[in-house]
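Here the structure is laid out as structure tokens; the discussion comes afterwards.
Each value in this text was obtained by applying a stated rule to the coordinates, not by laboratory testing. As the structure is a computational prediction, the values presented were derived from the model and not from experiment. With ideal geometry, Cβ positions are generated from the backbone for all residues, glycine too; neighbour counts draw on all protein chains shown.
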């Protein structure tokens, strides 16, 4: 029951290409795939991501999943090789790719760029997984002259892969990812770089905060060098503003006993609170758009089920749920998020049934 | 079978005080606790973290778990109130606390500072959990004149709580945490602060990388203002070096086509790889000690309850649970963590009952 029809041809069997091939194949779509490395191509096919090309192929959609620095050239070549197909790509930068394609002789009206906001620190075909895109934003880069039907085709592809399509221009996309993806990568890498000269005794005190802030510093430098340099123009202003804020903090620390120093630090910390509150929940909607209740339950099997049973029986749908279950404590805490419209009904139900609500 | 003997008195029933009380109580240690807020004190006692003080108390160890800016004063008062007890604290900064205590009239030879490297973004008694310290480093701040027996007592406390004691001086500690904890906090807060002025459309593209790098930006500004200002001297040089590196990257982005610009970016990314490789692996963290299964459920009221009902009826206890509920997707993903010993029973149950396991 796929929205995508006809043969889809994937060029590049890395993490994204393989994941796209896997999902579409599972949906019954005819997927052919190629990779510049015959071994990688064979691996992805063995993995279930598609089949080899044949002379009888009638490709209706080409998805270019190659590194950013060869994306434009590969798209141009695909427009020429498959003269009846719509062509898209999945590169993390869109303006520079679009410019290069538009300045070519290819039939560029059949090209619509896109960018699924999904990835893992690990690349490669074997890291591919059919649920990679589920619930993730997928940018469809539309300009004024973008062909409406071509854009819809890519939107259907995104929906088939479980992603949430979002339309924006290449430039809007590049500015957005500079803020939410490329700046975090640079900052995380530079923070991790500080550890190189640390003492072993210092590093022995590492905790989860350090691990989380530096996790993406493990990303592939080759890939990211391409991304950062291709988006230098949008990225630089974000980092410059960060640098200005940082210099204020450094100055305040140097003069910690001077008037105003503490308020500089407080403002940095509070702005951090405000900023993180703006990050949408995993599902594309705001964290803050849910009402959250914390229920205390006895720490024994079946209690959580009893709680959720009562909520389900009342026809109330839970949007998110976290269980904070401290082994050895006499109670567990269940954090339940619901749409604000049913919050009061839920509170009434829980109180009527004798559940203890915390804080 | 605790190494700690005698009555332990916890002052301050926040996250750390409650967690210490919970674990020691579970080990059979007699724990009394007090908090400046009677309500918080009552909550922590209800939660199982200890009992109220009585006139018959014979306290052998006092653990001061109050905010950093009142730690020194509370330690001094505890040394006077409990003239036969060893006193420790758990504040995140050690030099300034030690100086304040040593300049008092109290019997300071009974004081040994300490710092468990454990925490959560959420504070408060209800966030307390007995496994908070398991596998975490716990710094025992020893100076030349530290009483050996007193230091051993705190080491036993750390071991009882499942932590790994590490001895270092207050100054060594403060320099280490500036690098691995305080600088990441500032950087994460400043990165999240950049999001305040972002467009909704920008934020809609947020992915896991942004969430991880900014997670600790949700931390309590009041607490962190105290920590950062108390450790300004050690923190400033780390941030200044970070700032120097960042300025090189900004300059390279501005002149992206000049010779040498790409190598500046490549060096930043590669140094990030090297830095993250220096972080020790997670030791005994609670995540790794659980087996995790992902179950796909239909996105409708009652399904989650039905699933958990079946698990509860089978007598299987869930240690942790996350619901990943993609709006618009037909299924939700439930991540269930259990003790490894019951994993196979759970898998069999779920397969027998027809649930779909993902991954």
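Sorted shortest first, the separations between the residue B:233 label point and its copies elsewhere in the assembly read 4.9 nm; each point sits 7 Å from Cα along the Cα-to-Cβ line. Per residue, the convex hull around the alpha carbon atoms of chain B comes to 190 Å³. Given their separation in residues at 0.36 nm each and the Cα-Cα distance between them, residue A:53 and residue A:36 gain 4.8 nm when the chain is fully extended. Here the label points at residue B:222 and residue A:356, each 7 Å from Cα along the C-beta direction, are separated by 2.4 nm in the simple model. In terms of surrounding Cβ atoms within a 10 Å radius of their Cβ, A:9, A:115 rank from fewest to most as A:9, A:115.
Highest mobility in the GNM of chain B, judged by mean-square fluctuation with C-alpha springs under 10 Å and restricted to B:238, B:139, B:334, is found for B:334. Remark: relative contact order (chain B) = 12 percent; criterion is Cα-Cα distance under 8 angstrom and separation of 6 or more residues. Averaged over the residues of peptide A:153-165, the number of Cβ atoms from other protein chains lying within 10 Å of each residue's Cβ is 1. Beta bridges assigned by DSSP with both partners in the protein assembly as shown are antiparallel in approximately 50 percent of cases. Residues A:46, A:160 in ascending order of nearby Cβ atoms (within 10 Å, fewest first): A:46, A:160.
What whole-number distance in Å separates the alpha-carbon centres of region B:58-92 and region A:337-359? Region B:58-92 and region A:337-359 have Cα centres spaced 40 Å from each other. Over chain A, dividing the summed -39,500 (n - 2.57) contributions of all DSSP H runs of at least 4 residues by the number of residues returns a 222 nm mean residue ellipticity of -13500 deg cm²/dmol.
Per residue of B:241-248, other chain Cβ atoms within 10 Å of the residue Cβ number 5 on average. Each copy carries a label point for residue A:143 at 7 Å from Cα along the beta-carbon vector; from one copy to the others these points are 6.8 nm apart, nearest first.
Each other copy holds its own label point for residue B:109; taking that point as 7 Å from Cα along Cα to Cβ, the gaps run 9.3 nm, nearest first.
Fewest-first ordering of A:152, B:236 by other beta carbons within 10 Å of each residue's beta carbon gives A:152, B:236. A Gaussian network model of chain A, with springs between Cα atoms under 10 Å, assigns the largest mean-square fluctuation among A:179, A:349, A:24 to A:349. Shape annotation for region B:174-277: C-alpha extents along the principal axes are 44, 36, 25 Å, from largest to smallest. Shielding by partners for peptide B:223-231, expressed as the average number of C-beta atoms from other protein chains within 10 Å of each residue's C-beta, is 4. Highest mean packing first, where packing is the average number of other Cβ atoms within 10 Å per residue, the peptides A:306-319, A:222-235 line up as A:222-235, A:306-319.
What relative contact order, as a whole-number percentage, does region B:7-168 give when Cα pairs under 8 Å and 6 or more residues apart are counted? The value is 23 percent.
Out of all DSSP beta bridges with both ends in chain B, state the antiparallel percent to the nearest 5. Close to 50 percent. Comparing mean-square fluctuations of B:21, B:332, B:128 from a GNM of chain B with C-alpha springs under 10 Å, the top value falls on B:332.
Using only Cα coordinates, the Kirkwood hydrodynamic radius of the protein assembly as shown works out to 27.7 Å.
When you restrict to C-alpha pairs under 8 Å that are six or more residues apart and normalise by the size of region B:174-277, the relative contact order lands at 30 percent. Net length available on complete extension from residue B:70 to residue B:259 is 62.7 nm, with 0.36 nm assigned per residue and the Cα-Cα distance removed. Between residue A:145 and residue B:251, take the C-beta separation as r, use R0 = 41 Å, and let me know the FRET efficiency to the nearest 0.05. For R0 = 41 Å, the calculated efficiency reads 0.65.
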